[in-house]
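Working notes for the structure below.
The values are calculated or read from the model by the stated rules, or taken from the named source; none is laboratory data. Quick caveat, the model's predicted, so the values are computed rather than measured. A quick note on method: Cβ atoms are made from the backbone with ideal geometry, for glycine too, and the neighbour counts reach across all protein chains shown. These area figures cover heavy atoms from the full protein model, side chains too; ligands, DNA and RNA do not enter into them. Shrake-Rupley method; radii C 1.70, N 1.55, O 1.52, S 1.80 Å.
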Amino acid sequence: MHRPAPDPSRRMDTLAAHAGDDPFRFMGAAAPPIFETSTFVFQSVADAIAAFANEQEHYVYTRRRNPTVRVVEEKLAAMEGAEECRLFASGMAAISAAILSCVRAGDHVVCVDTAYGPAKAFITGYLSRFGITATLVDGRDPAEWEAAVRPNTRLFYLESPSSGLMKLQDLAAVTAVARRHGIATICDNSYSTMLLQRPLELGVDLVVYSGSKYFGGHSDVLAGAILGPAERVRQIGDAEIPLLGGVIGPFEAWLIGRGLRTLPVRMRQHQLNAAKVAEFLAGHDRVARVHYPGHPSHPQYELALRQMRGASGLLSFELDTRDLEQASRFVDALRVFRLGVSWGGYESLVFLPIIGAMHKAPEANWPSPGLVRIHVGLEDVADLIADLDQALRAL
Ligand SMILES: Cc1ncc(COP(=O)(O)O)c(C=O)c1O
């Protein structure tokens, strides 16, 4: 093996550029080759027996391990400061595998009620088929998590900040409750990435990601990741990955590796642009309220300063109307922001959360029609503000 272990003392931009790479292992290729192979062949029966004896270290079949995927897992682990990483085909593949690795029939899960919809549905709906019960908590007060604990509680599921109203959980305080009761914790860190928040350092057991957001960064790939202690993550590699099979393809992993190299520079620009957009919106007379953890008007701004190193490009705000027709007029008038779900790409996007709720939830649970979510992309911020300004005037 030519590959030196990633040096954790390196700074983030250097880790993003180089961690996990070893060009001389691959004939000096500056970019790692894409090992587009499903299977690996052996020179002898003895070699095959050795490989099968330890599939975590040898290449046998790409559902278990692939060199391109491995390069990217090592880069991510170095960036996160985690012992181990496994990549998945999507954020939901990672999230469902992480949750399943923590629970058995008859267990109880406490989940933040602002968690990403399908993650919440998996915990509260799908798992109920197996006799697993769940309690939803607002999550902002650590005492609520303590109060929700039952003798059979095995997992706290967190997502901070949430991706709709950007609500935070106090990760150090909630994981302290979990540890006292011997309960596992999973945190979805997709909003911040490891650049802006380090859940493992705050006591979280497993960090999960939608890599389809900032890791890829170009809205052209689906991916997910689990990071955490080597033993725990390798157990998932032995149990959930081969059985559930939601693994990433080599090309998709390569796109994630390419995206990660520029994540620090992209994130700095998302932050600068989003801060200016939030300030503009907060001062606009057609905007009732801005939800952005990087803005002093956020009710948990102090906590954000304490546990995060800044806020990313995703924020939401409330128009001074609750009328869907008026909100639609605003959105349809936007020219640079495009209407669509997801976020974390280079481009600015806008979405009305009510669109997603209309066909899924009873009307009483719909968000306000005036609630607008935007992802602030990498375009010139003057163009983004001018676009929002002209569309607010169309209201
Ligand atoms: C916060 C959050 N977590 C997880 C996911 C799921 O990720 P994926 O779409 O990659 O399955 C999403 C997707 O939008 C998300 O917003």
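Among the residues of the stretch 73-108, what is the count of those that are among the β-branched types (Val, Ile, Thr) and within 15 Å of the ligand (Cβ to nearest atom)?
Within the stretch 73-108, residues that are among the β-branched types (Val, Ile, Thr) and within 15 Å of the ligand (Cβ to nearest atom) number 2.
Is it the case that Ser210 is touching a Ser or Thr at 6+ places or on another chain (Cβ under 6 Å), touching a residue at least 40 places away in the same chain (Cβ under 8 Å) and of a type outside the set (A, V, I, L, M, F, W, C)?
When the stated conditions are applied, Ser210 passes them.
Examine the stretch 75-98 for a residue that is without any contact (Cβ under 8 Å) to a residue 24 or more places away in the chain and touching a Ser or Thr at 6+ places or on another chain (Cβ under 9 Å), and state whether such a residue exists.
Within the stretch 75-98 (the criterion being without any contact (Cβ under 8 Å) to a residue 24 or more places away in the chain and touching a Ser or Thr at 6+ places or on another chain (Cβ under 9 Å)), the answer is no, since none of the residues qualifies.
Among the numbered conditions (1) crowded, with 20+ Cβ neighbours inside 10 Å; (2) free of Cβ contacts under 8 Å to residues at least 24 places away in the same chain, tell me where Tyr292 comes up short.
Result: Tyr292 fails condition (2) only.
Would you call Leu388 under 24 Å from Ser192 (Cβ atoms), of a type in the set (A, V, I, L, M, F, W, C) and assigned to a helix (DSSP H, G or I)?
yes
Just one of (1) open to solvent by less than 40 Å² (accessible area, probe 1.4 Å); (2) more than 16 Å from the ligand (Cβ to nearest atom); (3) over 30 Å from Leu76 (Cα atoms); (4) not hydrophobic (A, V, I, L, M, F, W, C) trips up Gln326, so point out which.
Result: Gln326 fails condition (1) only.
Return the pairs, sorted by first residue and then second, in which the second residue is in a helix (DSSP H, G or I) and at pLDDT 95 or above, the first residue lies in the stretch 260-286 and is over 30 Å from Pro32 (Cβ atoms) and open to solvent by 50 Å² or more (accessible area, probe 1.4 Å), the beta carbons are less than 8 Å apart, and the residues are 6+ apart or on different chains.
If the second residue must be in a helix (DSSP H, G or I) and at pLDDT 95 or above, the pairs left are Leu272/Val381; Lys276/Val381; Lys276/Ile385; Arg286/Leu392.
Applying the selection to the stretch 349-365, what residues are under 16 Å from Val331 (Cβ atoms) and in contact with a helix residue (DSSP H, G or I) (Cβ under 9 Å, 6 or more places away or on another chain)?
Hits for the stretch 349-365 are Val350, Phe351, Leu352, Ile354, Gly356, Ala357.
Could you list, in sequence order, all residues of the stretch 310-331 that are in contact (Cβ under 8 Å) with a residue 60 or more places away in the chain and at negative phi?
Ala311, Ser312, Gly313, Leu314, Leu315, Ser316, Leu319, Thr321, Gln326, Arg329, Phe330, Val331
(1) under 25 Å from the mean Cα position of the chain (by Cα); (2) modelled with pLDDT of 95 or more; (3) open to solvent by 60 Å² or more (accessible area, probe 1.4 Å): which one isn't true of Pro8, the others all being true?
The one condition Pro8 does not meet is (2).
Mind listing whichever residues of the stretch 233-243 are open to solvent by 80 Å² or more (accessible area, probe 1.4 Å) and either touching a strand residue (DSSP E or B) at 6+ places or on another chain (Cβ under 7 Å) or closer than 21 Å to Glu36 by Cα (or both)?
Listed by number, the list holds a single entry, Arg234.
Does Cys111 qualify as being modelled with pLDDT of 95 or more, within 16 Å of the ligand (Cβ to nearest atom) and not in a helix (DSSP H, G or I)?
Against the criterion (modelled with pLDDT of 95 or more, within 16 Å of the ligand (Cβ to nearest atom) and not in a helix (DSSP H, G or I)), Cys111 qualifies.
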